[in-house]
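K.L.:
Quick one: the structure is below, and I'll ask about it shortly.
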2 protein chains.
Amino acid sequence: MYNVTVVGLGLIGGSMAKAAKGFRDCRVYGIDTDLSVVAKAAEDGVIVNTAVNEREIVAKSDLIIVALYAKATVDFILNNQKYMKSGAVIADVCGVKTPVVYPVEAELRKDLYFVGCHPMAGRELSGYANSLGNMFCRCNFIIAATPATKRPGVEIMEEFARHIGAANIINTTPEDHDEMIAYTSQLMHVVAVALCDNEHIEKSAMYSAGSLRDCTRVAILNEELWSELFTLNKKSLTKLIDEMCASLQRIREAVDAGDKERLKTIMRGATAAKRRFLNN
Amino acid sequence: MYNVTVVGLGLIGGSMAKAAKGFRDCRVYGIDTDLSVVAKAAEDGVIVNTAVNEREIVAKSDLIIVALYAKATVDFILNNQKYMKSGAVIADVCGVKTPVVYPVEAELRKDLYFVGCHPMAGRELSGYANSLGNMFCRCNFIIAATPATKRPGVEIMEEFARHIGAANIINTTPEDHDEMIAYTSQLMHVVAVALCDNEHIEKSAMYSAGSLRDCTRVAILNEELWSELFTLNKKSLTKLIDEMCASLQRIREAVDAGDKERLKTIMRGATAAKRRFLNN
């Protein structure tokens, strides 16, 4: 019997546990510090926690998916590796990879397979109650490997990614992941937050069409999670915020100068870039 | 017979002509400098241009909806007012109101009723081919009146707004409209353009979930239209871009300092503001 354990049954972990159903005919176990969430997931049939002892669960797991915040992920893996079965695959699903993958790989037992993953999906809600079995359908599933990452672990996670419905599996490095994610995800959250950090929003309901709604969709976020992700990716993110401010200043200057031709040039460039993105 | 004429059969004008169907059992006429568009709209049964003479169309119109760019709107109305029927209602649908309403009201014949309107709807496409009869269903329909705006015209436009499906009719002033729209619409377009003004977007397709897509949805825009709207609302828009940069800087400093508590405070404020917006 193949055993999969999901550690942290929040929005992502709960969705992982639901999506894991049927992977290699596995049994799915769950671990969470909130025992009522564990009870609910068992009641829902998402996990089969016949053994109440977490140590036993960890010991019999063939695949352990850790869906905690970044620092908690590193701590959980390193603190509990002594209980893990030789040959087990351990994956994390954090939104930053360099601060997770390297500390784990540096201190992990050599008979364990660690794979840094980032299934790119989410919603503006949190917790097990909002988790979805189809959360990862059509997602981009990123695997951030280093020279130390072992192939058998990567192969299991590629198989798992296909099982949960990933549209694309992207093999990259922690460094490239973190630089790209600083743009595609973190900067978007920074911008959404900054847009809502304006008193006009209070009076906007009757003056808005779709653009305000869409540009600020991700402003409803889990501040515990995102404040950690932002600070762990400081270098890439601050550089992008600086570039964003510089772009805004270029537009501001053209507006202030009434220079429609310059504005049109900037707009044409942005529209063309967005179209290429959509066609990629 | 009540006659409605739409001037400019682009995305908004074409949609207006389609949505006008059935208003006071009217006949809908269309005017456009692109005669093939007029022919297409007539072929579609959207307009009934039995009279080919535009002057005759203007002369018999009870309601003229001008759906041109801002400066062209002012020019059309003032240049052609001499042909208009006494008591006719003329409305514009521009995204800025101060630079349209005041110049028109200052020089319009006193027996005509001008009403500055802004039906808040659109899509990332342009032209008659993309116009939709239900474009204004559930929209916010803003009427920007001044002390000189005459009540009978406003009443007709309120009736028209209800006919085309507006969810809310908002009565305000040109000044308040322009300040609010600088935030709810123009700043969102500025931000979307600035976000796409970054080389990372070229490599982003495989690294993105929904946030990049949503934050940059409106980056595909009509640069002719938006460069005019931006420059005509310079004062409000440049102030908001400055506020946006200041908000981004506050976040940047907290990220750079690794100050998660400060970040969480900023995020909580933004999330709460967004929730209040959604609940308004």
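The values are calculated or read from the model by the stated rules, or taken from the named source; none is laboratory data. In this text, all values refer to a predicted model and were calculated from it rather than measured experimentally. All Cβ positions, even for glycine, are placed from backbone atoms using ideal geometry, and neighbour counts span all protein chains on display.
K.L.:
Contact list please: Cβ distance under 6 Å, first residue in region A:27-54 and more than 19 Å from A:Thr73 (Cα to Cα), second residue outside any helix (DSSP H, G or I) and among the small types (Gly, Ala, Ser), pairs at least six apart or on different chains.
P.N.:
A:Ala41/A:Gly30; A:Ile47/A:Gly30
K.L.:
Something else: Go over the candidates A:Pro147, A:Pro152 one by one and state the one that is farther than 19 Å from B:Ala209 by Cα, assigned by TED's automatic domain parsing to the domain that holds A:Gly87, not in a helix (DSSP H, G or I) and not polar (S, T, N, Q).
P.N.:
From the options A:Pro147, A:Pro152, the qualifying one is A:Pro147.
K.L.:
Out of region A:193-208, which residues are within 27 Å of B:Phe141 (Cβ to Cβ) and in contact (Cβ under 8 Å) with a residue 24 or more places away in the chain?
P.N.:
A:Leu195 - this is the single residue of region A:193-208 that is within 27 Å of B:Phe141 (Cβ to Cβ) and in contact (Cβ under 8 Å) with a residue 24 or more places away in the chain.
K.L.:
From the list B:Val28, B:Val115, B:Val37, B:Val4, which one is surrounded by 15 or more Cβ atoms within 10 Å (Cβ to Cβ) and part of a helix (DSSP H, G or I)?
P.N.:
Being surrounded by 15 or more Cβ atoms within 10 Å (Cβ to Cβ) and part of a helix (DSSP H, G or I) holds for just one of B:Val28, B:Val115, B:Val37, B:Val4, which is B:Val37.
K.L.:
For region B:79-112: of the residues being acidic (Asp, Glu) and assigned to a helix (DSSP H, G or I), which is farthest from B:Glu228 (Cα to Cα)?
P.N.:
B:Glu107
K.L.:
Sort through B:Glu253, B:Glu243, B:Glu228 and tell me the only one that's more than 7 Å from chain A (Cβ to nearest Cβ) and part of a helix (DSSP H, G or I).
P.N.:
One residue alone meets the criteria, B:Glu253.
K.L.:
Further question: Check whether at least one residue in region A:172-188 is buried (at least 18 other Cβ atoms within 10 Å of the Cβ) and within 18 Å of A:Val66 (Cα to Cα), and report yes or no.
P.N.:
Among the residues of region A:172-188, at least one is buried (at least 18 other Cβ atoms within 10 Å of the Cβ) and within 18 Å of A:Val66 (Cα to Cα), which makes the answer yes.
K.L.:
Quick check: is even one residue across region B:200-209 among the aliphatic types (A, V, I, L, M), more than 15 Å from the chain's Cα centre (by Cα), more than 7 Å from chain A (Cβ to nearest Cβ) and farther than 25 Å from A:Gln249 by Cβ?
P.N.:
Looking through region B:200-209, none of the residues is among the aliphatic types (A, V, I, L, M), more than 15 Å from the chain's Cα centre (by Cα), more than 7 Å from chain A (Cβ to nearest Cβ) and farther than 25 Å from A:Gln249 by Cβ.
K.L.:
One residue is enough: does region A:219-234 have a residue meeting the conditions surrounded by 22 or more Cβ atoms within 10 Å (Cβ to Cβ) and of a type in the set (Lys, Arg)?
P.N.:
no
K.L.:
Something else: Among the residues of region A:162-183, is there at least one that is part of a loop (DSSP other than H, G, I, E, B) and without any contact (Cβ under 8 Å) to a residue 12 or more places away in the chain?
P.N.:
No, every residue in region A:162-183 fails to be part of a loop (DSSP other than H, G, I, E, B) and without any contact (Cβ under 8 Å) to a residue 12 or more places away in the chain.
K.L.:
Also, I was wondering about something else. Look through region B:141-156, keep the residues that are crowded, with 22+ Cβ neighbours inside 10 Å and closer than 18 Å to B:Ala19 by Cβ, and return whichever of them is farthest from the other protein chains (Cβ to nearest Cβ).
P.N.:
The residue in question is B:Ile143.
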